Every structure is written in structure tokens, then in C-alpha cells.
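Notes follow once the structure below has been shown.
Every read-out reported here was derived from the displayed coordinates using simple, explicitly stated rules and does not represent laboratory data. As the structure is a prediction and not an experimental result, all values here were calculated from the model. All Cβ positions, glycine included, derive from the backbone under ideal geometry; neighbour counts span all protein chains shown.
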Amino acid sequence: MAYVEYLADGAPLYRERMLVRLASPLSRSREVPEALHREAEVPWDAVEEERGEVKEDERSQVERKIHEEVWLSRLKHYLEKVRSLLPIGAPRYRVAGVVRARVVGVEVAAGGFEELVWQEVKRSRNILRSELAAASCVKAWLARNGYAVREDYASVPRPFDMVVAKGGQIYVVEVKGKWVGRRDDPISFTANEIDFASRFPDRYIVCIAYTDGDRCVELTCQPFAQFQKEWVLETVRGIEYKYNARKRQGS
């Protein structure tokens, strides 16, 4: 359960609760389907808070779901239209808290086949939107710094996203797009990406772009050799190996 506050120029407007169900680790659609229900859609008398810590990755998933499915898809554009009619300040929101909860005695519908299909379509579109915003930001940086694109950005199963050239040498670029609201979250890499980068640390450029919708807010690009000095790599074991990179303190 998430507590969400809406503000205008920093002043609180209203607050609502949302009930969020995250996907299971094995399958979003087969085990426990994802769902997000807003205040008016939930029989709150049947909802009980549970003890137990909400993990950082779970909170990140909840916040991203709220940002994509509520803020970007619905409220942001609506409130901007309201501003053209009423003298209210710049709207924004924040997730004030996330706690564990369970629904007792009643079933909150997770949606049938068609609803799940369109949830997945919406989710994939939002992810693609962030990826394209990050790629556009990175390509502008490459052009400013004298790199020529030899193989354009493509999100395909290979250990890098782009191939570029500068000074007669070939480099590869890995683009990591991240929603700006979760700037402190780790950056995920596949085992294949880390293996390739470790073999060619001076020719493997890591670009981390923090985005908000179609806008690039912050960008850092550096060779993997320098990236390793500023970030700590943690091994994550799941269905397949991956790595999480966290910023070193003081870097």
C-alpha cells in the first residue's frame, strides 16, 4: 500500500492511498498479476497493514508503477490543463510511504486477459519511452564530443547498444536509462555486458541517463575503467546472473 501526496508549488493539495500488487519473480502474468488500484477502487475496510520491511527494489517497483500508470498516463497532463484555467502552482507528487498490506475476505480484481494485455502494452511503451529519451540524450553527447555513430542504438541481445568511432578507433556504448525519481537505485547490467566491458574497459563507454518522460534530466558517460572506480558491482542471482552497480560513497 502506498501513500501518495500531490502538491502545487510545494503546498499539499490532497493525499490518497493506492493498493499495488507486484508481479511474482517467475512470471508477471502467470503467477501473481501486477495491479494498481487507486483510492476509490478499493474496499479499504478489508485492507490490513502487515508488519515487515518493504525492500528497496519493491519500493522502486511501486514508485515506478505509480509514476508511469498514474502520474505520466493520467494526472500530469490533466493538472497542466487545470493550470491554464485556475491559478494553481506547478503540480508534482511524492510517494510519502510504502507499507506491506493484505486484503482480507474480499477479492480485488486483478483484471482479465484483455486488461492484462493492455497493462503490458502500456508498461512496454513507458519503458521504450524512457529508453528512447536516454538514447537521444546519449547521441547528442557523443556528437558534441566528436564521436561518429557506426551502429545506431538498438535494444537487442548483445553486450552493448551502440558502436561509435573517434580518432580512428572504435568504441562501444552501453546506454542505461533510469527514471530520475529513483536516482539512488542501482544500475543493472547483464553478465554478458560486464564480461565484455571487463575485457575492453577503455573502449567500453557506459552512459547513464536519468529521464523524466521524454526529457533527459542528467547524463554521465565514462569508460568502464573509470566507471569501476566510482561504482561497486554486486552479483545478483536469479533465473540468470546479473549485476547491480551502486555509486561509491564520495564519488
Listed residues Trp231, Trp179, Trp44, most fluctuating in the chain (Gaussian network, C-alpha, under 10 Å): Trp44
Leu128 paired with Glu50, simple spin-label distance in nm, labels 7 Å along Cα-to-beta-carbon: 3.5 nm
Residue with peak Gaussian network fluctuation, the chain [Cα springs, cutoff 10 Å], from Val62, Val156, Val20: Val156
Helix-only CD estimate at 222 nm, as mean residue ellipticity for the chain, using -39500 (n - 2.57) per DSSP H run (n ≥ 4): -8500 deg cm²/dmol
Highest to lowest packing among 198-209, 6-17, scored as the average C-beta count within 10 Å: 198-209, 6-17
Computed over the stretch 130-247, Kirkwood Rh from alpha-carbon pairs, angstrom: 14.4 Å
Given Lys139/Lys247; Lys176/Lys229; Lys122/Lys178; Lys122/Lys247; Lys166/Lys229, the pairs whose alpha carbons are separated by over 29 Å: Lys122/Lys247
Farthest toward positive dipole pole in the chain [+1 Lys/Arg, -1 Asp/Glu at C-beta], among Tyr204, Ser73, Leu128: Tyr204
Projected label distance in nm at Arg215 and Arg203, using a 7 Å step from Cα toward the beta-carbon: 3.9 nm
The stretch 113-251 - charge dipole about Cα centre, Lys and Arg +1 at Cβ, Asp and Glu -1, debye rounded to 20: 380 debye
Length gained when the stretch Glu230-Thr190 is fully extended (0.36 nm per residue, less Cα-Cα span): 12.5 nm
Estimated distance in nm for a label pair at Ser73 and Ala154, the labels positioned 7 Å out from Cα along Cα-to-Cβ: 3.0 nm
Given charges at beta-carbon only (K, R positive; D, E negative), |dipole| of the chain in Debye: 780 debye
Cβ-based charge dipole, the chain, positive-most Cα from Thr220, Ala40, Gly167: Gly167
